[in-house]
Amino acid sequence: MKVVPRIRDIAADAWDACANPDAATYNPFLSHAFLGALEAAGTVGERSGWHPHHLVLEGRGDAVSGVMPLYAKTHSQGEYVFDHAWADALHRAGGQYYPKLQGAVPFTPVPGRRFLARPGAKEAETELLLARAAIQVADRIGASSVHVTFLTEGEWARLGGEGGFLRRTGQQFHWHNAGYRTFDDFLQTLASRKRKAIRKERADAQAAVEIFSVTGAEITEAHWDAFFAFYMDTGSRKWGRPYLNRTFFSLLGAALADRCLLVFARRDGKLVAGALNLIGGDCLFGRYWGAIEHHPFLHFELCYYQAIDYAIAHGLPRVEAGAQGEHKLARGYLPETTYSLHWLADPRLEAAVARYLEEERSEVAEVNELLREHGPFKRDGNGQ
């Protein structure tokens, strides 16, 4: 097992053979190109508070059989699984919560594998070795904890016991493609009131602006300039300080242009809003959006309805439109459980968190079930 401070110290083909061995389920956020762009742009490393400690497991002949994106952190920003109360509790008890280790894709609440075992390399054993290595690294650098966020349910189930991690659940809203041929096919599955509301929202948004999309070689630096202006304007108001810089988007476009889908709104020849999606093997991932003008329902149109249109046209099974947001429910996005694992070195904190997580898991399951029951889809033959 090796710990490497830069992803460029790992051959791209070796990393990707573990991270994305199957094109049908390709996840662009786990790719060497995406993680490398974060580091090369300086959004990760340097003074960001995200310091790479990636794990690499080598077998015979130095063949890489497993990898894990792992970061030492000096804060809890950009994670979307909140542990601020845990940090405060440990500090009040006289302990030190930072640094901690984070197994994640920085600034990206996209579910996917985190213990990346190459197929045929004894996957379950490799996962366990990577999990134990992360704990050993935490001990070596004096970290208080290890957090692995937005991993798969299978990893969560396998490593929550034998791996020594506490289990946590959360919630997102995803749209699922039931083989629709058109957006109207999807609308026909909704209750009448919801169907009418979505049609009105789309009509109002499209009446105010012209909407178009670009991907691959169509994307220019001018498109990235415009999108970054939207990202900074909206991100500064929502988060206080956006995490990504302009350089990152150019690097992303250079490395993964065919996986990028930019949806823009234009009024009187001027770009006024945009949304960035990444195209996976079986999913369209909605990531960032921004606008410099307000138009009713434009956010819903660019981020949710245009994404559904694209998924239907290209046969993608689902759309993941980012973290949180119960407002997505009325627009056909249903609640899904997300998963994270947590190892805490301090036994007092571990005991307190374990009690809290048991109650939280029960609450998350109850809320998700309730929301599904009150989803927008038809409940009887009359569409009511």
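The values are calculated or read from the model by the stated rules, or taken from the named source; none is laboratory data. This one's a predicted model, so the numbers in the text were calculated from it and none came from an experiment. A quick note on method: Cβ atoms are made from the backbone with ideal geometry, for glycine too, and the neighbour counts reach across all protein chains shown. Areas reflect the complete protein model, heavy atoms only, side chains present, ligands, DNA and RNA absent. Shrake-Rupley method; radii C 1.70, N 1.55, O 1.52, S 1.80 Å.
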FRET efficiency, residue 25 to residue 358 (Cβ-Cβ, R0 30 Å, nearest 0.05)
0.40
Enumerate the whole-percent occupancy of each 10 Å bin, from 0 to the last occupied one, for all C-alpha pair distances of the stretch 96-238.
8, 22, 24, 23, 18, 5
State in Å² the accessible area per residue of the chain; use a 1.4 Å probe, count heavy atoms of protein chains only, and round to the nearest integer.
43
Set of lysines with alpha-carbon distance to residue 100 below 22 Å, sequence-local pairs under 8 removed
2, 73
Aspartates and glutamates near residue 122 by alpha-carbon distance under 15 Å, same-chain residues fewer than 8 away left out - which ones?
58, 155
Can you list the aspartates and glutamates whose alpha carbon sits under 15 Å from that of residue 328, skipping same-chain ones fewer than 8 residues off?
201, 301, 320, 336, 373
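Which trypsin sites (Lys or Arg not before Pro) in the stretch 123-205 pass both tests, a DSSP loop state and at most 14 other beta-carbon atoms within 10 Å?
Answer in residue order: 181.
Classify the stretch 39-177 as rounded, prolate or oblate from the Cα gyration tensor: take a ≥ b ≥ c as the square roots of its eigenvalues, call it rounded if a/c is under 1.5, otherwise prolate when a/b beats b/c and oblate if not.
Numbers: a/c = 1.44, a/b = 1.26, b/c = 1.14.
Note, shape of the stretch 39-177 comes out rounded.
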Relative to a virtual label point 7 Å from the Cα of residue 250 in the Cα→beta-carbon direction, which members of the stretch 184-222 show backbone nitrogen distances below 18 Å?
217-222
The stretch 1-113 -> Rg/Rh from Cα coords, Kirkwood Rh, value 1.01
Give the dimensionless ratio obtained when the Cα radius of gyration of the chain is divided by 2.2 N^0.38 Å.
1.01
Got a number for carbon plus sulfur as a percent of the chain's accessible area, 1.4 Å probe?
51
Work out, step by step, the length gained on full extension between residue 84 and residue 136: first 0.36 nm times the residue separation, then minus their alpha carbon distance; give nm to one decimal.
16.4 nm
dims of the stretch 252-384, Cα set, principal axes, largest to smallest, nearest Å -> 60, 49, 31
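Please work out the Cα convex hull volume for the stretch 191-307 and give it in Å³ per residue.
112
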